[in-house]
1. Taking region 43-68 as the search range and keeping residues that are open to solvent by 30 Å² or more (accessible area, probe 1.4 Å) and touching an Asp or Glu at 6+ places or on another chain (Cβ under 9 Å), which one is farthest from Val107 (Cα to Cα)?
2. Only one residue in Ser157, Ser119 is more than 14 Å from the chain's Cα centre (by Cα) and polar (S, T, N, Q), so which one is that?
3. Just a yes or no: is a residue in region 57-69 of a type outside the set (Gly, Ala, Ser) and assigned to a loop (DSSP other than H, G, I, E, B)?
4. Across region 102-158, which residue is surrounded by the fewest Cβ atoms within 10 Å (Cβ to Cβ) among those that are polar (S, T, N, Q) and in contact (Cβ under 8 Å) with a residue 40 or more places away in the chain?
5. Between residues in region 186-208 that are over 17 Å from Asp31 (Cα atoms) and residues that are of a type in the set (A, V, I, L, M) and crowded, with 19+ Cβ neighbours inside 10 Å, which pairs lie under 6 Å by C-beta distance while being six or more apart or on different chains?
6. Pick from region 20-41 the residues that are in a loop (DSSP other than H, G, I, E, B) and open to solvent by less than 60 Å² (accessible area, probe 1.4 Å): which of them is modelled with the lowest pLDDT?
7. Among the residues of region 160-194, which ones are open to solvent by 40 Å² or more (accessible area, probe 1.4 Å) and touching a helix residue (DSSP H, G or I) at 6+ places or on another chain (Cβ under 7 Å)?
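The values are calculated or read from the model by the stated rules, or taken from the named source; none is laboratory data. From a predicted model like this one, the values you see are computed outputs, not experimental measurements. Note: ideal-geometry Cβ built from the backbone for every residue, glycine included; neighbour counts use all protein chains shown. Ligands, DNA and RNA are excluded from the accessible area calculation, which covers all protein heavy atoms including side chains. Shrake-Rupley method; radii C 1.70, N 1.55, O 1.52, S 1.80 Å.
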Amino acid sequence: MKITYWSDYACPFCYIGETRMKQAMKNLNMDAVMEMKAFELDPFAGKEVAEPTVERFARKYGLSKEAARARIDGISQMGRECGLDFRYAETRYTNTFDAHRLTKLAVETGGAELADRISERLYRAYFTEERELADHDVLCKIASEEGMGDVRDFLRSDRYADETRLDEREAQIYGVSAVPYFVINGRYAVPGAMPVEELERVLQKAEEESAVSGRGMTCGPDGCRIADHK
């Protein structure tokens, strides 16, 4: 089984959704190759932090700081229920384009296994360690820790820039406007971070070549929401 999915490292539901998908596969003793495709929630995000997450969230959704903090804490609790050390309120939001490029280099360097380790490490750097994913020092440290060697020259280059943009164009072609968005075996769409139990049913149906639909949590350029998908 192959699972292709669009995701962004600054998307809380993407981290939760990917974790839930892996747990569902583990529960079913199911093997799958997972291929991540780039989807930037904000391609125009800066290289440096512009404002704290709670203030950014409040401004984006028209909430008070107290209401924004409560909603963020609720999302963090969802992450903790998945076993993640999830600290959404303390995240430092910056551009994620180079992080996506680094993931593609990991595929070239060590295949899907290394790419998965890098992906997990990038999520953890953002949602647990309060790191800025546009910071090349952060990306170099992660790459070195995972055995990729010195990637500073790579990050200074434009390698995999075209491939990353292609992922985003493909998302537009397929009508993907919010993430996470999973496609199983090139046929079955699973939008959003569904509960593990629902994902288990979806995976079993996909194996049986049945059509799937679902209700999940996604993030898009206009924000994060829970919505019905068909």
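1. Here is the first cut: in region 43-68, the residues open to solvent by 30 Å² or more (accessible area, probe 1.4 Å) are 43-44, 46-52, 55-56, 59-67.
Retained after the next criterion (residues that are touching an Asp or Glu at 6+ places or on another chain (Cβ under 9 Å)): 43, 47-49, 52, 59-60, 65.
Values: Pro43: 22, Lys47: 24, Glu48: 27, Val49: 28, Pro52: 33, Arg59: 37, Lys60: 34, Lys65: 40 Å.
Filtering first and then ranking leaves Lys65.
2. Going through Ser157, Ser119 in turn, just one is more than 14 Å from the chain's Cα centre (by Cα) and polar (S, T, N, Q): Ser157.
3. Yes - at least one qualifying residue is present in region 57-69.
4. First, the residues of region 102-158 that are polar (S, T, N, Q): 103, 109, 119, 128, 144, 157.
From what's left, in contact (Cβ under 8 Å) with a residue 40 or more places away in the chain: 103, 119, 128.
Working: Thr103: 23, Ser119: 22, Thr128: 17.
Out of the qualifying residues, it is Thr128.
5. Close Cβ pairs satisfying both conditions: Ala189/Val183; Val190/Val202; Gly192/Met217; Ala193/Ile16; Ala193/Met217.
6. Within region 20-41, the subset in a loop (DSSP other than H, G, I, E, B) is 28-32, 39-41.
The next check asks that each one be open to solvent by less than 60 Å² (accessible area, probe 1.4 Å); those that pass are 28, 30, 32, 39-41.
Values: Leu28: 95, Met30: 91, Ala32: 88, Phe39: 98, Glu40: 97, Leu41: 95.
My answer is Ala32.
7. To start, the set of residues in region 160-194 that are open to solvent by 40 Å² or more (accessible area, probe 1.4 Å) comprises 160, 162-163, 165-166, 169-170, 172-175, 177, 181, 185-187.
Listed by number, the residues that qualify are Tyr160, Glu163, Asn185.
Matching residues to (1) among the hydrophobic types (A, V, I, L, M, F, W, C); (2) touching a helix residue (DSSP H, G or I) at 6+ places or on another chain (Cβ under 9 Å):
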site	(1), (2)
Ala70	yes, no
Ser76	no, yes
Arg87	no, yes
Asn95	no, no
Arg101	no, yes
Gly147	no, yes
Asp150	no, yes
Phe154	yes, yes
